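One structure is given below, encoded as structure tokens.
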Amino acid sequence: MTVAEFVVVANRLPVDRVHGPDGEEIWRTSPGGLVAALEPVMHSVDGAWVGWPGQADLELEPFEAGGLRLIPVALSEEEVEEYYEGFANDTIWPLYHDVIAPPQYHREWWEAYVTVNRRFAEAAASAVAQGGTVWVHDYQLQLVPEMVRALRPDVTIGYFHHIPFPAHGLYAQLPWRDQVLRGLLGADVIGFQRTQDASYFLAAVRRRLRHEVKGSNVTVPEEDGTRTVLAKAFPISIDTVPYIELAARPDIQARAAEIRESLGNPKKILLGVDRLDYTKGIRHRIKAYAELVAQGTLNVEDVTFVQVASPSRERVDSYVQLRDEIELSVGRLNGDYDTMGHTAIRYLHQGFPREEMVALYLAADVMLVTALRDGMNLVAKEYVATRRDNRGVLVLSEFTGAADELRQAVRVNPHDIEGLKDAIMTAVQMPSAEQGRRMRALRKRVLEHDVNAWSSSFLSALRAAQNKPTSSS
Ligand code: GDG
């Protein structure tokens, strides 16, 4: 196998296996932001992507799709359950999102996590050229940096953490807390979404491993000297171009008008778009809205709330339970307040093509992002990018990474239902001139700090790390 200068390692390959026009199986590139951000880099420096193809027990040779070199890592059905649904999504995910749901600690899940992380690390180590670069992504692969370094001390290693990193009081629950810190510290540069995440990580490193921490730098003792690791915030963003282009298309604008029409032409449309996940605060949002409708402050003839909750992690218990709770409250609200021509909440447990998402963003007067904890939240940035007329209001939880940057949004603490109701009313009643002032500032921020700015700044920190000599004692 030929080796690559630049290797991305992520849980999933950036492709989906779908059926072609004649029923044959083909690979379709998923239009995610990460692929868009890394595609130019991958093409310019001869890159490869290591990841799981998304189906259990699928053993595949490396292949090319959409001009990308892909290196599949196979997972058995049991590994999908223990490493992915178990340790990644039912231990780390809830723990790192402030235990909104109780994390499950199981020793077999941890063992599967170690085994699978090793498999990803071995695949990356054999794919990367001498002196090349490996960029590892996210919480499923926190041990990979240390494992790659052990196998390939010649390469530069970056790691980006897409979700929050918890405060030490919570992190300390993790039975394997020291191993995970050591795993991450195998990287030369560790990127987080927020300054707060980086500080929590650095505090955990200081308290648990007793390494010296100065500013954003950790001094890691090695057998033959020391190594410096940079840990700081590199807030991720979106590829703004497709959102701006789609929002300018007449057919998408016509579709937005059609959506309004089919909802009975309400005066205001409120919108929520999330994976169906307990971190996103969907229940809190529905509760606040339902109270406004019940008390007569909002009337369903005037206002409709559209909630897209795309299916996610459907085999994990806490997600099954969340879906039941949400669907019960949606059913109750609609049963009590719908009229023949108008609905209180149009709930869609479905995924949609990006064109339809943009039409929804254009149709929405108010975007509700009420996450209880969220690494960044790209939906907030997508909404802003599509608002070419500088109208529309973003209601944004202060517990999202996006809140650090999107200062002109209407900020909320989603746990405070009265505060959330006030924020919804502020947004619904906001005069057009104020919408314009706020949205112009929000768009400036998102358009200037897009995903290319994010990847360039991370990669230049990584290049700087590459040039720094390690000190020996
Ligand atoms: C993790 C972190 C961080 C959703 N439903 C549909 C659809 N989506 C798209 C959205 C958006 C993406 O999925 C979701 O991104 P978020 O950032 O909102 O949230 P997570 O999935 O939890 O992502 C998060 C992110 O990683 C990046 O670092 O911001 O904090 O949790 O792009 O538009 N897209 C389409 N149909 C849907 O039904 N086409």
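The values are calculated or read from the model by the stated rules, or taken from the named source; none is laboratory data. Keep in mind that what you see is a predicted model, and the values were worked out from it rather than measured. All Cβ positions, glycine included, derive from the backbone under ideal geometry; neighbour counts span all protein chains shown. When the accessible area is computed, the model is the full protein with side chains, heavy atoms only, and any ligands, DNA or RNA have been set aside. Shrake-Rupley method; radii C 1.70, N 1.55, O 1.52, S 1.80 Å.
Couple of notes before you dig in:
- Members of the stretch 387-417 that are closer than 16 Å to ARG440 by Cα, over 19 Å from the mean Cα position of the chain (by Cα) and open to solvent by less than 10 Å² (accessible area, probe 1.4 Å): GLY392, VAL393, ALA409
- Of all residues in the stretch 363-381, those being open to solvent by 30 Å² or more (accessible area, probe 1.4 Å) and under 24 Å from VAL303 (Cβ atoms) number 1.
- Any hit, the stretch 288-309, residues being farther than 26 Å from ARG391 by Cβ, touching a residue at least 60 places away in the same chain (Cβ under 8 Å), within 14 Å of the ligand (Cβ to nearest atom) and not assigned by TED's automatic domain parsing to the domain that holds GLU82: no
- The stretch 217-229, residues that are open to solvent by less than 40 Å² (accessible area, probe 1.4 Å) and modelled with pLDDT of 95 or more: VAL218, VAL220, ARG227, VAL229
- The stretch 247-261, residues that are open to solvent by less than 20 Å² (accessible area, probe 1.4 Å) and not small (Gly, Ala, Ser): ILE252, ILE259
- Within the stretch 420-473, restricting attention to residues that are outside any helix (DSSP H, G or I) and without any contact (Cβ under 8 Å) to a residue 12 or more places away in the chain, the residue that is surrounded by the fewest Cβ atoms within 10 Å (Cβ to Cβ) is PRO469.
- Listing of helices (runs of 4 or more DSSP H) fully contained in the stretch 216-308 that carry 1 or more residues being under 19 Å from the mean Cα position of the chain (by Cα), of a type outside the set (Asp, Glu) and farther than 30 Å from ALA464 by Cβ: 240-248, 282-294
- Residue in the stretch 309-322 that is open to solvent by 10 Å² or more (accessible area, probe 1.4 Å), hydrophobic (A, V, I, L, M, F, W, C) and more than 27 Å from PHE87 (Cα to Cα) present: no
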